[in-house]
Amino acid sequence: MAISESVAENLVRQFDELEAIEAILCTEVEWGTTAVDVEALKAIAFSDDRCSASAAVANAQLDFTLLLPIDEGSDAAASAAASKPCRLRLMLPSGYPKESVPAVMGCEHPFLSRNKELADQLVAAAQAAVAAEPVGNEMLLTVVQEVSEVTKTLLQQEASGQREMAAMAAKVAAAQDGSWRRMFYWCDHLLQGKQHKKEKELMTILQGSGLAGTVWFGRPGIVALEGPQDEVEAAAHACGRAGKQLKVKNNQAMPGAAFARHFPARVSAMPAAKADSLDIDAVRQTLEKLGLERELKHILGLEDLAE
């Protein structure tokens with residue numbers, strides 16, 4: 001059975017294109033078309049004798065999977081995932097590239113297959129990359145590069161999602177083992193105003209800590225923080241390095257973790273009363289709501305004065 005000049009020309013271009021992709025991108029090819037048919041098609045495509053092909057070979061289409069290496073990038077979690085190649089399966093009709101385009105038979109990555117939404121996005125990206133190229137062009141290299149970039153982006157998204165899940169799991173674990181705490185700190189004075197640079201630095205530290213809490217300005221100053229104990233203590237230590245020493249006055253367990261928060265999710269500021277004095281009534285009302293009214297004198301440092 002004879003293969004037409006047009007089909008033979010397309011085969012030559014198909015094999016040349018695949019060879020170039022293998023060389024440029026270090027891509028491996030796994031053949032879906034039988035090895036016998038592939039070798040027969042190569043022999044016929046690059047030969048002057050195009051009349052000796054069997055019907056099966058003459059009608060064969062190149063069906064293959066490209067194993068695309070993924071650039072690791074700077075994300076450690078995404079880099080681990082990128083050690084596995086993306087598998088892009090294509091089938092080239094006999095009319096490609098002159099009259100038709102590749103058919104996307106599948107596109108997957110082992111680290112994305114467990115997330116259906118990301119897996120579907122990867123397949124859609126491969127299909128869109130094919131659709132974006134005009135018929136008549138050799139498009140495999142462009143499609144492969146686009147799929148590789150999309151895979152890298154999706155792996156980074158997946159890694160980010162895994163980190164968020166790990167952080168949430170750590171917070172849940174912290175809640176279960178009782179390490180979430182509500183801690184009240186005493187400071188000899190916390191004054192408001194642009195001229196008080198240490199207090200300004202304290203607020204910057206606390207509001208950037210991710211902890212919940214409230215700062216009562218005045219003489220003395222009171223700081224309440226809620227969160228994992230190690231993070232609360234680290235924030236208080238940072239305030240000390242900034243020049244405002246915080247003394248622990250009460251350390252209360254929070255069995256419900258974030259669900260048991262009383263204070264704003266971002267540390268807020270309560271102004272001082274007259275003459276820079278502490279608004280004791282505001283502190284008392286808060287302690288009453290938390291069942292800590294008996295701790296008022298201790299938290300205000302009045303017991304220390306009595307001693």
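The values are calculated or read from the model by the stated rules, or taken from the named source; none is laboratory data. This is a predicted model, so every value here is computed, not measured. Cβ: placed from backbone, ideal geometry, glycine included. Neighbour counts: every protein chain shown. What goes into the accessible areas is simple: the full protein's heavy atoms, side chains included, and nothing from ligands, DNA or RNA. Shrake-Rupley method; radii C 1.70, N 1.55, O 1.52, S 1.80 Å.
Share of pairwise Cα-Cα distances greater than 18 Å in the stretch 174-307 is 50 percent (whole percent).
Among the protein heavy atoms, those of Met105 account for about 90 Å² of accessible surface (1.4 Å probe, every chain in place). Placing Lys98, Lys274, Lys247, Lys152 in order of accessible area, with the largest value first and a 1.4 Å probe, yields Lys274, Lys247, Lys98, Lys152.
Over the stretch 98-174, what is the mean sequence separation of C-alpha contacts under 8 Å (at least six apart), divided by residue count, expressed as relative contact order in percent? Once normalised by length, the contact order is 31 percent. Among 129-135, 89-95, sorting by the average number of other beta carbon atoms lying within 10 angstrom of each residue, highest first, gives 89-95, 129-135.
Note on exposure: Met183, Met165, Met270, Met203 ranked by accessible area (1.4 Å probe, complete protein assembly) read Met165, Met270, Met203, Met183, with the most exposed listed first.
For the set Arg13, Arg241, solvent exposure ranked by accessible area (probe 1.4 Å, protein chains only) runs largest to smallest as Arg241, Arg13. At the residue level, Ile24 shows approximately 100 square angstrom of accessible surface with a 1.4 angstrom probe and all protein chains present. Of the accessible area of the stretch 107-147, with the probe set at 1.4 angstrom, what percent is carbon plus sulfur? Using a 1.4 Å probe with all protein chains present, the stretch 107-147 comes out at 50 percent carbon and sulfur.
Could you pull the accessible area for Phe217 with a 1.4 Å probe, rounded to 10 Å²? The accessible area of Phe217 comes to roughly 10 Å².
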